[in-house]
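Here's the structure we're looking at; comments come further down.
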Amino acid sequence: MRRIQIITDSCSDLTPELLEKYGVDYARMNTVHNGDVKQADLSWTADEAHTFYEMMRNGERITTTQVPPEEFDRVFRKHLELGEDVVYISCSNRQSGSIFTAEKQAESLRKEYPDADIRCIDSLHASTGEGMIAILAAECAAKGGTMDQVESRARELIRTTHEFCTVHSLDYLKRAGRVKASAAFFGNLMGVKPVIIANTEGEQTPVTKVKGRLNSFRTVAALLKDAMSGAAEGEHGTVYIAHADCSESELEQLCELIRGELGQVEILKGYMGPIIGASVGPDAVAVFGIGGPVRDQI
C-alpha cells in the first residue's frame, strides 16, 4: 500500500513540533507588506511573531494571498515523486480560495501520475481547527488507514471540531472580509468583546458579546466545555490554544479557566501564524477541541 501524505496550508497554525510529530507538510500562502511579498512560514520565532503583531498595533496594513498554483505544484509533486498518495486539507473556502486552486492543480497532476490518489478536502475551519483535522487525519494514516478511511476520518472531524475565538475588535476581520456579522449588534463599544465560532458552512460568525477581556475568556472556556462534553467516547481530548501575541499571564489565565471547566486536560499553545494573524489582529485568542456536532448557534 502506498504511503499517505497529509498536506495542509499556512492557515493551519501548526507549530513546527506538531508538523514534525505527525509528519504533516504544508503549502505556503503569502503575506504582503508595503509591496514586499513573503511566504507565510509557520516556523517563526516568538520575536518574529511579536514584531509582526507590533506592526499591526502601530497601524501598518498587512494583506495576504491564497496558496499560488506553483506552490501546490511544488508540494504535491514532491510527495508524488516519492510514490506517495496525497490528502490536502485546506482552510475553509469562506476564508480562502486555496481549495479551488488545489483541486485544479490536482486534476492536472493526476494526468502525470495516473497511479496516484490525490484528494482535496475543505476543512470548513481555519487556524488550529484546520490543523487539528490535519494531524488527526495523519494519525489515522500512520495507523494504516486507507485513503477512504483517512478521508472519512477527516470529514467526521470537520463536523465535530469546535472553535471559540475572542478578539479586541472586529475591525481586522471585517476589513479582511473574514467575518459574517451584524454591524448593529456588534458595534465596537468600549470594552465589549465578541465571541466568534466557525459555523457549519465554514464562516467566522460572532455569536455573542461580553463586557471585558476576562469575561470573554470565561465565556470561551464555558462554551468549550459544553461543546467537548458531547464528544464521542474515546475521542481526542486535547485542547489547543492559538493566540496573536497575547501575554503569558493572559494565556495562563485562560488555561486555568479551561482547567476549571474541564479538569486537568492537556492544553497545547501556539501562535496564530501570519495569515490568520493578519485577519484577526493582535491579541486575538482562540480555543479548539473535539466535541459533538458543530452548531450555528450557541
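Just so you know, all these numbers are worked out from the coordinates, no wet-lab data involved. Given the structure is predicted, the values throughout are model-derived calculations rather than measurements. Positions of Cβ are generated from backbone atoms using ideal geometry, with glycine treated the same way; all protein chains shown enter the neighbour counts.
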Checklist outcome for this item: A correct fewest-to-most ranking of Ser169, Ser12, Ser152 by other Cβ atoms within 10 Å would be Ser152, Ser169, Ser12
Checklist outcome for this item: per DSSP, antiparallel bridges as share of beta bridges in the range 160-290, % nearest 5, sits at 75 percent
Checklist outcome for this item: Helix 69-80: inclination vs the chain longest Cα principal axis, degrees, rounded to 10, gives 60 degrees
Checklist entry - Can you run phi through the Karplus equation (6.51, -1.76, 1.60; θ = phi - 60°) for the range 197-212 and list ³J(HN,Hα) in whole Hz, with x for Gly and Pro? => result 10, 9, 7, 5, 9, x, 8, 7, 10, x, 10, 7, 9, 9, 8, x
Checklist entry - Contour minus end-to-end for Glu20 and Arg259, with contour as 0.36 nm per residue of separation and end-to-end as the Cα-Cα distance? => result 83.3 nm
Checklist outcome for this item: Scoring the range 160-290 by relative contact order with C-alpha pairs under 8 Å, at least six apart, yields a percentage of 36 percent
Checklist outcome for this item: Listed by chain and number, the residues whose amide H is under 5 Å from that of Thr208, excluding neighbours fewer than 5 places away on the same chain and using placed H, are Val195
Checklist entry - Given a cut-off of under 8 Å on Cα pairs at least six residues apart, what relative contact order in percent is computed for the range 1-40? => result 37 percent
Item to check | MRE, 222 nm, helices only [DSSP H, n ≥ 4, -39500 (n - 2.57), over the chain, to nearest 500] | outcome: -12500 deg cm²/dmol
Checklist entry - If amide H atoms are built 1.01 Å from N in the plane of the peptide, which residues on other chains or at least 5 residues away come under 5 Å of the amide H of Asn30? => result Ala40, Thr65
Checklist entry - Which ³J(HN,Hα) values in Hz, rounded to whole numbers, follow from the phi angles of the range 28-35 under the Karplus curve 6.51 cos²θ - 1.76 cosθ + 1.60, where θ = phi - 60° and Gly and Pro get x? => result 8, 8, 10, 9, 10, 9, 6, x
Item to check | Test item: Cα-centred dipole of the range 160-290, Lys/Arg +1 and Asp/Glu -1 on Cβ, debye | outcome: 560 debye
Item to check | Cα-based helix-to-principal-axis angle, 213-228 vs the chain, degrees rounded to 10 | outcome: 50 degrees
Checklist entry - How many percent of DSSP beta bridges within the chain run antiparallel, rounded to 5? => result 60 percent
Item to check | Magnitude of the charge dipole, the chain, Cβ model with Lys/Arg +1 and Asp/Glu -1, debye to 20 | outcome: 840 debye
Checklist outcome for this item: Tilt, helix 98-112 to longest principal axis of the chain (alpha-carbon atoms), in degrees rounded to tens, equals 10 degrees
Checklist outcome for this item: Residue by residue through the range 249-262, the couplings from Karplus 6.51 cos²θ - 1.76 cosθ + 1.60 with θ = phi - 60°, in Hz, x for Gly and Pro, are 5, 5, 5, 5, 4, 5, 4, 5, 5, 5, 5, x, 8, 10
Checklist outcome for this item: With R₀ set to 45 angstrom, the calculated FRET efficiency between the beta-carbons of Leu214 and Thr146, to the nearest 0.05, is 0.45
Checklist outcome for this item: Ordered by fewest other Cβ atoms within 10 Å, a rough proxy for footprinting exposure, Cys140, Cys91, Cys255 read Cys255, Cys140, Cys91
Checklist outcome for this item: Fewest to most Cβ atoms within 10 Å: Thr65, Thr15, Thr51 sort as Thr51, Thr65, Thr15
Checklist outcome for this item: Once the dipole of the chain is set up from charges on Cβ (+1 Lys and Arg, -1 Asp and Glu), the residue from the list Gly273, Ser108, Gly59 lying farthest towards its positive end is Gly59
Checklist outcome for this item: Whole-Å distance linking the alpha carbon centroid of the range 252-293 with that of the range 134-175 is 14 Å
Checklist entry - Where Lys and Arg each count +1 and Asp and Glu each count -1, what net charge lies around Met228 among other residues with Cβ under 11 Å from its Cβ? => result -2
Next on the checklist: Test of understanding: extend the Cα→C-beta vector of Arg3 to 7 Å, then name every residue of the range 15-47 with backbone N under 15 Å from that spot.
Outcome noted: 20-26
Checklist entry - Where does the charge balance sit around Ile290 when Lys and Arg score +1, Asp and Glu -1, over other residues with C-beta under 15 Å from its C-beta? => result -3
Checklist entry - Got the relative contact order for the chain handy, in percent, Cα pairs under 8 Å and 6 or more residues apart? => result 22 percent
